[in-house]
Amino acid sequence: MEFIIKNWALIAVAAVSGGMLLWPLLRRGAGGPWVNTLEATQLINRSDALVVDLRSAEDYARGHILGARNIPLADLERRAGELDKLKTKPLILHCGDGNRAGGGVAVLRGKGFDKVHNLAGGYAAWLQAGLPVEK
């Protein structure tokens with residue numbers, strides 16, 4: 001007990017750093033399952049997955065993944081019915097950087113979509129991988 005009292009700052013630093021190491025694992029579980037660009041292209045090519053671009057219409061117009069459908073995240077709750085015919089088909093949701101698409105995954109899962117995936121890194125990761133886009 002004396003060690004803990006004398007070294008409380010050291011213990012606090014160890015606890016915070018341990019939490020920082022666990023944070024990516026905890027975050028990864030939310031808004032998932034996540035797929036990387038390779039897994040996404042495999043889902044598109046093998047399972048005819050639909051890509052849903054959750055960015056604004058302006059960002060979508062500047063460039064988007066080939067064949068992606070644009071439904072901005074702010075409109076997804078209201079427009080989810082447009083995807084009802086695709087409930088059995090895999091869907092890959094993405095935003096600009098992969099940080100907001102998890103909210104879209106949660107919305108669609110709440111509406112009965114089972115095969116919804118979040119593109120890790122979003123559109124930025126797609127571009128960085130050198131995968132095809134259309135403008």
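Protection proxy ranking of 34-41, 90-97, 13-20, 75-82, by the mean of other Cβ atoms within 10 Å over each peptide's residues and highest first, is 90-97, 34-41, 75-82, 13-20. Dividing the summed helix terms, -39500 (n - 2.57) for each DSSP H run of n ≥ 4, by the number of residues in the chain produces a 222 nm estimate of -14000 deg cm²/dmol to the nearest 500.
Take the Cα radius of gyration of the chain and divide it by 2.2 N^0.38 Å, N being the number of residues; the result is 1.34. DSSP H helices in the chain with Cα extent of 24 Å or more along the helix axis and mean Kyte-Doolittle hydropathy at least -1.0? Membrane-span-like by this rule: 8-29. Multiplying the residue separation of Ala61 and Ile5 by 0.36 nm and removing their Cα-Cα distance gives an extension gain of 14.2 nm.
For segment 32-134, the relative contact order works out to 35 percent when only alpha carbon pairs closer than 8 Å and six or more residues apart are counted. In terms of other Cβ atoms within 10 Å, Tyr123, Tyr60 run from fewest to most in the order Tyr60, Tyr123. Antiparallel beta bridges, as assigned by DSSP with both residues in the chain, represent about 15 percent of the total such bridges.
Values quoted throughout were computed directly from the atomic coordinates according to the rules given, and no laboratory measurement underlies them. Source: prediction; values computed, not measured. Counting neighbours? That spans all protein chains shown, and the Cβs are built from the backbone with ideal geometry, glycine included.
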